[in-house]
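One structure below.
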Amino acid sequence: MFLRDDDSPERRVEKLTRISDVLVARIDRLEESRGSAWSMFQAAVALEHEVQVRSRELEQALADLSERNRELAVARALAEEANRSKTRFLRAASHDLLQPLSAAKLFLSALKDTQLDELQGELANRLSGAFESVEELMHAVLDISRLDSQRIEFQRKPVDLGELFRRLAIEYAPMAEAKGLRLSFAPTSARVESDPTFLRRIAQNLVSNAIKYTDSGGVLVGVRKRGGRAWLEIIDTGIGIAATDRARIFDEFQRIGRDGGAPGMGLGLSIVRRACAKLGHPIAMDSEPGRGTVFRVSLPLVGHEGAACPAPVVPSVEYLRGRVALVVENDDAMRRAYELILKDRLGMVPRIAGGIAEALAQMGDDAPDVLIADYNLDNGDTGLQAIRDLRARAGQPVPAIIVSARRDPELGRASLEMGVPVLEKPVRPEELQAVLHRMLA
């Protein structure tokens, strides 16, 4: 739009007005655009400031978190070290704690083999029960300590349940007999995969628990095979377990209340639950108050099965009479206890030595029929070293037994390589007799 010379004044005014309106509109648009850009700029500046503030807060939070993580790492390391120290202490102390208990039980067993009047017999039985309670509690503490350790190492291998039943029969026959109960083990040829030590502890706790809570009738231990698994069953005719109690009995220090309740600290089933969980052995239970209880542990079957093993019986001493047993034991009380049990109860000829050098001197050129050595000897010597040296002197693999309070994989592997069974402290005369009978019969 242009102004021409021949335009009239009115026309010129009209054109100028229209030009002015266009310019004003353009200026308004420019102002609006400028205001919007300014607003955006201000918003960007504010956002940048907010981002910086939040970034500083995030950096501080990350720094605090890193510090907390360092504190937690230190605390965890301290806790793990404390747990390892506890385990090391219990392992080291177990020998010193179980040594006098083992000697006392052997002395008490020798005492019960003598002629006692009624009062003396009652006192001996009460002392025996007290020692059993102390032993049970000590083993429970050691078992729980091991099972709670994150570094526990299991020795999984084929386990002959028939052999396990024989050992349990020898161990718990006196306990059942004292209550007038029948303790029966069904013959079995089943072999399962498990840790022999902890499977035995599982079975021990279940059998002991069944006897404690059974006042009449008996306890039956057997195996049912289903598919590729064997279910170890412990069946009793005891007081049973009410439905409301079935969840809590596997917790620590939980016992079923009743008049004159069974002795113990309520740790046995807690150990069973922990051990089964660690080993991957499902456990089940059926019970009816007043009728009895069945505990079942599922175990994987392995290997070839032969003929069923006969029902276990306590062996006689016929094959042991006159046999020579060389004992290497550094504790005076234990040496005397071995002498009484081997000579008076089993009819053997004991030779007692306090260390390896003394045992070599006593042996001379005549090899004994069997060696019995405590694992922890003086001057850093071990029972395994004693057996090696004595076998080397004899020039033959003399049958041998290691007695120890230790329960670690290293001892188990070393004794297995040497073909030497391990007896746990405190030593039970019946179990010692059974092992000797099996080795010498």
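Here the simple spin-label model places points 7 Å from the Cα toward Cβ, and for residue 122 and residue 246 these points are separated by 4.1 nm. At full extension, residue 43 and residue 66 could sit 4.9 nm farther apart than now, given 0.36 nm per residue minus the alpha carbon distance. Considering only Cα-Cα distances, which of the following residue pairs are longer than 29 Å: 157/212; 112/157; 343/425; 179/425; 225/425; 225/278? Result: 157/212; 112/157; 225/425 exceed 29 Å. Fewest neighbouring Cβ atoms within 10 Å first, the residues 177, 163 line up as 177, 163. A protection proxy built from the mean count of other Cβ atoms within 10 Å ranks the segments 194-201, 389-396, most packed first, as 194-201, 389-396.
Here residue 440 and residue 365 are evaluated by their C-beta separation; at R0 = 25 Å the FRET efficiency comes out at 0.75.
With a simple spin-label model that places each label point 7 Å from the Cα along the Cα-to-Cβ direction, the separation between residue 53 and residue 29 comes to 3.9 nm. State whether segment 324-440 is rounded, prolate or oblate according to the following rule on the C-alpha gyration tensor (a ≥ b ≥ c being the square roots of its eigenvalues): a/c under 1.5 gives rounded; otherwise a/b larger than b/c gives prolate, and the remaining case gives oblate. Rounded.
By per-residue mean of other Cβ atoms within 10 Å, what is the highest-first order of 240-250, 59-69, 351-361? Spell out each step's value before the answer.
On the way: 240-250: 14.0, 59-69: 10.0, 351-361: 17.5.
Sorting 240-250, 59-69, 351-361 by mean packing, highest first, produces 351-361, 240-250, 59-69.
Sorting 290-299, 368-377 by their mean Cβ neighbour count within 10 Å, with the most densely packed peptide first, gives 368-377, 290-299.
Take the Cβ atoms of residue 75 and residue 410, set R0 to 30 Å, and the FRET efficiency comes out at 0.50.
Read-outs throughout are calculated quantities, based only on the coordinates presented, and are distinct from any laboratory measurement. All values reported here derive from a predicted model rather than from experimental measurement. All Cβ positions, glycine included, derive from the backbone under ideal geometry; neighbour counts span all protein chains shown.
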